[in-house]
Structure formats: structure tokens, C-alpha cells
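A short worksheet on the structure shown next.
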Amino acid sequence: MNNLTKMKILKPAHEVFEAFVDPTKIGNFWFSSSSERWEEGKTITLKYEEYNAILEIKIAKIEQDKRIVFLWGPNDAENKVTISLKEVDPSTTIIEVNEDGFKENDPELVFKLIDNKEGWVFMLTCLKGYLEFGVNQLRGGLVKG
């Protein structure tokens with residue numbers, strides 16, 4: 001089962017792509033830090049200072065300015081996240097985040113889908129604020145718990 005979220009960003013696909021893969025940019029809208037540039041085959045360490053959390057993702061596929069695919073979660077139950085970028089015109093990109101791997105028989109399925117959807121919408125909103133308006137202080141605003 002998957003969870004799909006889309007948003008329009010008024011920037012070229014290259015700028016949106018670089019916001020994710022460049023470790024100097026990701027802290028402006030999503031994680032506090034990224035260990036290195038995202039490249040196919042690498043395992044990246046991401047930190048959320050606000051939540052005292054560290055996690056690793058495995059970059060499965062990279063298509064420059066078009067698609068990023070990574071795996072995250074426990075080794076025995078990883079979810080696959082596909083971030084797709086479609087440049088509508090030179091100044092507009094539709095970004096689509098599709099997370100797949102949720103188990104239909106999981107008793108917490110509805111909670112997990114809603115919780116993840118909340119996270120993706122928040123991340124994309126922060127990305128939009130950062131890229132379109134230069135706002136980089138939204139990222140730490142989501143209260144969990």
C-alpha cells in the first residue's frame with residue numbers, strides 16, 4: 001500500500017532536485033543535516049536535532065532533476081520513497097512523493113498513513129517556503145508526540 005503527496009513548486013526542477021541532494025541545502029526545509037551528497041548506491045545519515053533522531057536511508061536510484069528513490073525504515077520492513085519531479089515549464093515543477101511498503105494487515109495502518117501524510121505535506125510546505133520565498137525557519141515547527 002502506498003501514500004502519495006503532490007505539490008507545485010514555482011522553481012525549475014534542477015533547483016528542487018538540488019535542495020534534496022545537496023547536504024548544505026536540506027537543512028533549510030527537512031532534516032537538520034545530511035551526511036553527504038545523495039548519490040545512487042550511498043547510505044546517507046540524516047539527523048533531526050529537534051526530535052533527537054538519527055536515521056539512515058539507502059539511495060536506490062537517482063535520475064538527475066527527475067527522480068530520487070530511497071529506502072528507509074527497519075531492514076526487515078523498509079518503505080520505498082520515490083520523489084518525482086515534473087518540470088511543467090522553466091519556472092514550475094510538480095513534485096510527487098510516493099511512499100510504498102505499508103502493510104494492509106497492520107493494525108496501525110491508518111495511523112501510519114495519516115502520520116506519514118502529515119510529514120510529507122509539512123516537508124513539501126517547508127520546501128516551497130524555502131525555494132520560493134527564502135524562508136528556512138519552518139522546518140523545526142512540526143510538533144510530534
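Among residues of region 5-26 that are over 16 Å from VAL135 (Cβ atoms) and in a helix (DSSP H, G or I), none has a beta-carbon under 8 Å from a residue that is aliphatic (A, V, I, L, M) and at pLDDT below 95 at least six positions away or on a different chain. If you go through region 59-115 and keep only what is acidic (Asp, Glu) and either in a strand (DSSP E or B) or touching a helix residue (DSSP H, G or I) at 6+ places or on another chain (Cβ under 6 Å) (or both), you end up with GLU63, ASP65, GLU87, ASP89, GLU96, GLU99, ASP100. Would you please name the residue that is surrounded by the fewest Cβ atoms within 10 Å (Cβ to Cβ), looking only at residues in region 32-52 that are in contact (Cβ under 8 Å) with a residue 24 or more places away in the chain and aromatic (Phe, Trp, Tyr)? Taking the candidates together, the pick is TYR51.
Just give me the residues in region 65-81 being of a type outside the set (Lys, Arg) and within 12 Å of PHE20 (Cβ to Cβ), in sequence order.
ASP65, ILE68, VAL69, PHE70, VAL81
Considering every residue within region 61-79, establish whether at least one is among the aromatic types (Phe, Trp, Tyr), surrounded by 13 or more Cβ atoms within 10 Å (Cβ to Cβ), within 19 Å of LEU127 (Cα to Cα) and at pLDDT 95 or above. Yes - at least one qualifying residue is present in region 61-79. Taking PHE31, is it among the hydrophobic types (A, V, I, L, M, F, W, C) and outside any loop (DSSP other than H, G, I, E, B)? In short, no. For the residues SER34, SER84, the requirement of being touching a Pro at 6+ places or on another chain (Cβ under 6 Å), within 22 Å of ALA13 (Cβ to Cβ) and not aromatic (Phe, Trp, Tyr) singles out SER34.
The values are calculated or read from the model by the stated rules, or taken from the named source; none is laboratory data. Everything numeric in this text was worked out from a predicted model, so none of it was measured. Here the Cβ is made from the backbone with ideal geometry for all residues, glycine too, and neighbour counts use every protein chain on show.
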